[in-house]
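Below: the structure, in structure tokens.
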Amino acid sequence: MENIEIAKTFDEVADLLEIQGANPFRIRAYRTAARTIGTLNTSVESMLKKNGHALEELPGIGADLAGKIEGLCRTGGLPLLNELKRKTPESLVALLRIPGVGPKRAKLVFSKLGIKTLGQLEKAARAGRLSKLPGLGAATEQAILRGIEQDKVRTARFPLAEAEAYIRPLVETLRATPGVERLDVAGSFRRRAETVGDVDILLAAKNAAAAAEAFVGYKDVKQVLAHGETKCSVVLRCGLQVDLRIVAESSYGAALHYFTGSKPHNIAVRLLGVKRHLKINEYGVFRGKRQIAGRTEPEVFAAVGLPWIPPELRENRGELDAARAGRLPRLVELTDIRGDLQMHTTDTDGRNTLAEMVEASAARGYEYIAITDHTKAVRVAGGLTEAGFRKQWRQIDAIRKTVKKMTVFKSAEVDILDDGSLDLDEETLAELDIVLVSVHSRFNLSKTAMTRRIVRALQHPRVHVLGHPTGRLLGKREPYPLDMEEIVKAARDYGVLLEINAQPDRLDLNDLHVAMARQAGVRVVIGTDAHRIEELGCMRYGVDQARRGWCEATDVANTLHLDAFRKLIQK
Ligand code: DGT
Ligand code: CA
Ligand code: CA
Ligand code: ZN
């Protein structure tokens, strides 16, 4: 059982308890436990193996919850959840999938309008019957309708980070299987795409049958779709499909190249081969019947006269031409990152204190960070007033006296109001070292209005960074309509940096937007938007996205050393 599954189970319990109107403390206990487990760095299963009582030492997890987790790991199920599900109509559970419908609202529409299915919910929303319910305005009704539309088209793609969490232990199991010599995860996973449709694993083994057995017999397999000598395919309990190819060592490089894709890239490479009278497939590079390359991936590229191309670039977006011309970018790496420019603390909606965030950031070896708590308009996050920031600055001043190795910038994630003005007074803005601005409300503006709103914010002379520029939440909320070319132009004209938000479900700018910014000479910054110390570690997903946008270190502002970075933000 993966941590992420345990977390999801507990969240589900909390939702259902809330629908049943259970004790709020009990509901909160499950939510807290879900977040704690979901962001742990070590697997609960391995903790339990080492020490049966290890879980009780985690914050917010007492003996009762620890016992439930242990049972969940042992049996794969939670009797409490089954019981709650039996008591709740299934359709009511489906309502919870719609953004804007939490347990409270699900219960409300269920009890007041007798709505039991998504279809009925849609009908009621179209007839304007939802907006007449207490606490549910026309805006929410529209949001629910949009949510239902999206739910219909939702594909079952997994965010990369989620797939990674499910795949890691499977890969470990396979690597530990006797006779397995080489193993790589290929496909969109290796190209570090923001979501993956399925996961493609490639391996070479002395004993292929044993490797295939280990794969289909893996403990989290729900369904075996195929079990052959060279190809197996399974669905894990979480719903993620995993394909396995077992290939000969002599073909390994060719197979790795083929199954890494993307398909358009493969086709373009194969065409280059055709021009040289070569046949290129997953078994190798052939001249006539003779294999001339394919043991390693660089060999395959060399056969068509190219240097090795990083997987992140293999989308047939000009990487072959760049490779031929010797103009492949030297992609930015995680170790190039010298600071994190977005994080929250317990002063607003973060889970760790300012001191804890500073300490954990310093432990990562950063030269600088920015503390970017929310401003007052973001009420759900407990946004700070001007006075609140002044109080926080006194804490920062004190911390600066003790923490010398790392610079702590006074910053804020200043809310962009409806008309594009900023949610802090001029005096306070002027005193901040870095001003990050972002949108948290009124997502339903037209494209023109939203673009105008954000451009106006960027025009403000104190603004340094635009945070999570499209507001999307992968699989949950579409980006708001935005003319990204206009935004990039404004960023260039007014000297504003554009953020790649490294949260695995945000990752906006996306790869194409990043490329657009880079081509316009606009630097990006990668910020984790961490709300707890563990989330400082998601920087690497932001780096992946930057790499997919062809960024070199110089394209990313927070690879600069402190002095150069200071100069950059002088406005
Ligand atoms: P996904 O799974 O939708 O996130 O995306 P991929 O890229 O992992 O696609 P997938 O799993 O269908 O196939 C893995 C790789 O295998 C793909 O990136 C390229 C290669 N491949 C699959 N089908 C074809 C094909 O018809 N022609 C060529 N040239 N390559 C293919
Ligand atoms: Ca795939
Ligand atoms: Ca596949
Ligand atoms: Zn934000």
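The values are calculated or read from the model by the stated rules, or taken from the named source; none is laboratory data. This structure is a prediction, so every number in the text was calculated from the model and none was measured. With ideal geometry, Cβ positions are generated from the backbone for all residues, glycine too; neighbour counts draw on all protein chains shown. The protein model used for the area step is the full one, side chains on, heavy atoms only, and it has no ligands, DNA or RNA in it. Shrake-Rupley method; radii C 1.70, N 1.55, O 1.52, S 1.80 Å.
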| task | Counting helices only, and only those DSSP H runs with n ≥ 4, report the 222 nm mean residue ellipticity of the chain as the sum of -39,500 (n - 2.57) divided by its residues, in deg cm²/dmol to the nearest 500. | result | -13000 deg cm²/dmol
| Mind checking the log10 I(q)/I(0) for the chain at q = 0.09, 0.10 Å⁻¹? Debye, one equal scatterer per Cα, no solvent, two decimals. | -0.81, -1.00
| query | Could the peptides 184-190, 352-358 be put in order, highest first, of the mean number of other beta-carbon atoms found within 10 Å of their residues? | reply | 184-190, 352-358
| In what sequence, highest mean first, do 334-346, 389-401 appear when ranked by Cβ atoms within 10 angstrom? | 334-346, 389-401
| remark: Here the percent of antiparallel bridges among DSSP beta bridges lying wholly in the chain, to the nearest 5, is 50
| query | Based on the mean of other beta carbon atoms within 10 Å per residue, what is the order of 490-501, 467-478, most packed first? | reply | 490-501, 467-478
| query | Long-range amide H contacts for Leu384: which residues qualify at under 5 Å (H placed 1.01 Å from N, peptide plane, sequence gap of 5 or more or a different chain)? | reply | His374, Thr375, Lys376
| said: Counting only other residues whose beta carbon sits under 14 Å from that of Asn23, what net charge do I get with K and R as +1, D and E as -1? | reply: +1
| remark: Full extension between Asn51 and Lys206 adds, at 0.36 nm per residue less the Cα distance, a length in nm of 52.2 nm
| If Lys and Arg each add +1 and Asp and Glu each add -1, what is the summed charge of the other residues whose beta carbon sits under 12 Å from the beta carbon of Glu485? | +1
| How fast does the stretch 406-512 diffuse by Stokes-Einstein, in µm²/s, taking the Kirkwood radius from C-alpha pairs at 10 °C and 1.306 mPa s? | 113
| Over the heavy atoms of Leu331, what accessible area does a 1.4 Å probe trace out, to the nearest 10 Å²? | 20
| remark: Averaged per residue, the 1.4 Å probe accessible area of the stretch 251-324, protein heavy atoms only, in Å², is roughly 47
| Accessible area expressed per residue, the stretch 334-569, with surrounding protein chains retained (probe 1.4 Å, Å²) | 39
| Can you give me the Cα centroid spacing of the stretch 501-555 and the stretch 1-71 in angstrom? | 31
| query | Rounded to a whole number, what % of the accessible area of the stretch 392-449 do carbon and sulfur atoms account for, probe 1.4 Å? | reply | 52
| task | Using a cut-off of 13 Å between beta-carbons, work out the net charge of the residues near Ala63 (Lys and Arg +1, Asp and Glu -1, Ala63 not included). | result | -3
| request: With all protein chains present, calculate the accessible area of Cys238 using a 1.4 Å probe and round the result to the nearest 10 Å². | output: 40
| query | Under 19 Å from the 7 Å Cα→Cβ point of Arg74, by amide nitrogen: which residues of the stretch 22-59? | reply | 44-57
| remark: Binned at 10 Å from zero, the C-alpha pair distances of the stretch 102-179 give percents of 16, 34, 16, 16, 11, 6, 1
| query | Along the charge dipole of the chain, which of Gly114, Pro134, Val556 sits closest to the positive end, that is, farthest toward it, with unit charges on the beta carbon of Lys, Arg, Asp and Glu (+1, +1, -1, -1)? | reply | Gly114
| said: Students often forget the sequence filter, so: which lysines lie under 28 Å Cα-Cα from Lys231 once same-chain residues fewer than 8 apart are removed? | reply: Lys206, Lys219, Lys222, Lys263, Lys279, Lys289
| Direction-averaged shadow area of the convex hull around the Cα atoms of the stretch 158-246, nm²? | 4.8
| said: What number results when the radius of gyration of the stretch 251-324, computed over Cα atoms, is divided by 2.2 N^0.38 Å? | reply: 0.96
| field | Solvent-accessible surface ranking, highest first, for Met516, Met406 at 1.4 angstrom | value | Met516, Met406
